[in-house]
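Student: Just passing along the structure, written as structure tokens.
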Amino acid sequence: MYDLFKTDFLTVTRENEWHLEPFEVEHSDYNISVWDSGVMHIEPKQVSEVERCYVFSSAVHGNETAPIEICNEIITQVLSKKIRITQPALFIFGNPASINIGQRFVEENMNRLFSGHHSKPKTDSNGFRNKECERAAKLEEYVTRFFESYPGWHRTHYDLHTAIRDSAHEKFAVYPFLHGKKWSKEQFEILRAMGVTTFLLMEKPATTFSYYSAREHGAEAFTVELGKVRPFGQNDQSKFAAAKQTLIELLQGKVFDGSQFDQANYQIMTVFREINKKDDSFELCFSDDAANFTLYKKGDVIAKENGQDIVVEAEEEAIVFPNANVAIGQRALLMVVPKDITNDVE
Ligand SMILES: [Zn+2]
């Protein structure tokens, strides 16, 4: 049993990498339950009239420290009554063991494991290849339990990250594939309040935590990239102030006005194509520090494989998430192009 008024939740999480017995925290204003290591449910005792509930996850990649610090601070401020919230929240530190080693993951990138991919293929008697697979399966259960506690409520899940490389647009959000549903004007406005104006709209299902919540639970869900990866204590807090403030306001019942949406305030991109690594000879033809969303022009060579050039096909394409060190068959980069969504938002 831990005293979370003496030891903050992140510290407790880091001391229990893969498992923590559930316990309750006594509090005058909230029902607070720790469901597992890094998983805390906070429910205001006074039920809100705003029927909205929130999942804020961080540390799905353990070295992406800024969102971990933000979430831990919000939890600490709520517990100590520095701030008062009205909406139920589930906080998740996704991969505590990877936080402790300061790495993106221990054995396997958790954002490739959701929507059941943790159990395909099964390789041990528990049905999991490794602890990250088991953890991803448990996180799905916790998100399900949380959302099902508030039937009919509006559901939101922000999976908070920082990017490995610089970005021409420092903050950006990945909007999971909605299977034909319209994009949400209100969500664009909420994320703009967080400082996020660049969006990457996905065109097909994914293995990410945000796609899982959108698809399985009908949540408004996003992978939100808040800046660049840095070690704990080296994050410039001023760069994250707007994001933190907006997350707090949502937990305080703020509803944003989607009618203010104007596409001119955003850079909205969609995936033009995915380039997969097919051979060990695959190499990228731009520098290692090229920023996400850097634009290239038709004919520019962006990669080489087996002596063949891979060139830009559209008038302009931007690179996102380049990584030549993936396994053969996996995605080495995304090429994206601007998209007009005027008729596809509501
Ligand atoms: Zn990440």
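The values are calculated or read from the model by the stated rules, or taken from the named source; none is laboratory data. Treat the numbers as computed from the prediction; the structure is a model and nothing was measured. Note that each Cβ is placed from the backbone with ideal geometry, even for glycine, and that neighbours are counted across all protein chains shown. Calculation scope for accessible area: heavy atoms of the full protein, side chains included, ligands and nucleic acids excluded. Shrake-Rupley method; radii C 1.70, N 1.55, O 1.52, S 1.80 Å.
Student: Condition first: under 18 Å from residue 219 (Cα atoms) and open to solvent by 10 Å² or more (accessible area, probe 1.4 Å). Now tell me which residues in segment 166-182 satisfy that.
Tutor: 174, 177, 178, 179, 180, 181, 182, listed by residue number.
Student: Consider residue 278 carefully, then state whether it is more than 19 Å from the chain's Cα centre (by Cα), of a type in the set (Lys, Arg) and either within 16 Å of the ligand (Cβ to nearest atom) or more than 26 Å from residue 187 (Cα to Cα) (or both).
Tutor: It is true that residue 278 is more than 19 Å from the chain's Cα centre (by Cα), of a type in the set (Lys, Arg) and either within 16 Å of the ligand (Cβ to nearest atom) or more than 26 Å from residue 187 (Cα to Cα) (or both).
The rows are residues; the columns are (1) polar (S, T, N, Q); (2) within 15 Å of the ligand (Cβ to nearest atom); (3) touching a strand residue (DSSP E or B) at 6+ places or on another chain (Cβ under 7 Å).
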residue: 209; (1), (2), (3): no, yes, yes
residue: 213; (1), (2), (3): yes, no, yes
residue: 217; (1), (2), (3): no, no, yes
residue: 230; (1), (2), (3): no, yes, no
residue: 237; (1), (2), (3): yes, no, no
residue: 241; (1), (2), (3): no, no, no
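Student: Taking segment 110-132 on its own, how many of its residues are within 16 Å of the ligand (Cβ to nearest atom) and part of a loop (DSSP other than H, G, I, E, B)?
Tutor: Of the residues in segment 110-132, 2 are within 16 Å of the ligand (Cβ to nearest atom) and part of a loop (DSSP other than H, G, I, E, B).
Student: As an exercise: evaluate residue 302 against (1) of a type outside the set (Asp, Glu); (2) in contact (Cβ under 8 Å) with a residue 60 or more places away in the chain; (3) buried (at least 17 other Cβ atoms within 10 Å of the Cβ); (4) over 30 Å from residue 52 (Cα atoms) and give the number of the one condition it does not meet.
Tutor: Against the list (1) of a type outside the set (Asp, Glu); (2) in contact (Cβ under 8 Å) with a residue 60 or more places away in the chain; (3) buried (at least 17 other Cβ atoms within 10 Å of the Cβ); (4) over 30 Å from residue 52 (Cα atoms), residue 302 comes up short only on (2).
Student: Return a yes/no flag: does segment 153-165 have any residue that is closer than 20 Å to residue 112 by Cα, in the same structural domain as residue 37 (by TED's automatic domain parsing), in contact with a Pro (Cβ under 6 Å, 6 or more places away or on another chain) and crowded, with 22+ Cβ neighbours inside 10 Å.
Tutor: yes
Student: When only residues in segment 125-175 that are over 16 Å from residue 243 (Cα atoms) and among the acidic types (Asp, Glu) count, which is nearest to the chain's Cα centre (by Cα)?
Tutor: Going through the qualifying residues, I end up with 140.
Student: Given 48, 80, 98, which one is within 16 Å of the ligand (Cβ to nearest atom) and out of contact with any strand residue (DSSP E or B) (no Cβ under 9 Å at 6 or more places or on another chain)?
Tutor: 98
Student: Quick one: count up the residues across segment 222-244 that are exposed (fewer than 12 other Cβ atoms within 10 Å of the Cβ) and polar (S, T, N, Q).
Tutor: 3
Student: Same structure again: Keeping to segment 176-193, report how many residues are within 19 Å of residue 241 (Cα to Cα) and within 16 Å of the ligand (Cβ to nearest atom).
Tutor: Summing the residues that are within 19 Å of residue 241 (Cα to Cα) and within 16 Å of the ligand (Cβ to nearest atom) in segment 176-193 gives 0.
Student: Please pick out the residue among 279, 289, 309 that is out of contact with any Lys or Arg (no Cβ under 7 Å at 6 or more places or on another chain) and in a loop (DSSP other than H, G, I, E, B).
Tutor: After applying the criteria, what remains is 279.
Student: Can you work out which of the residues in segment 194-207 that are within 14 Å of the ligand (Cβ to nearest atom) and open to solvent by 10 Å² or more (accessible area, probe 1.4 Å) is nearest to residue 260 (Cα to Cα)?
Tutor: That would be 206.
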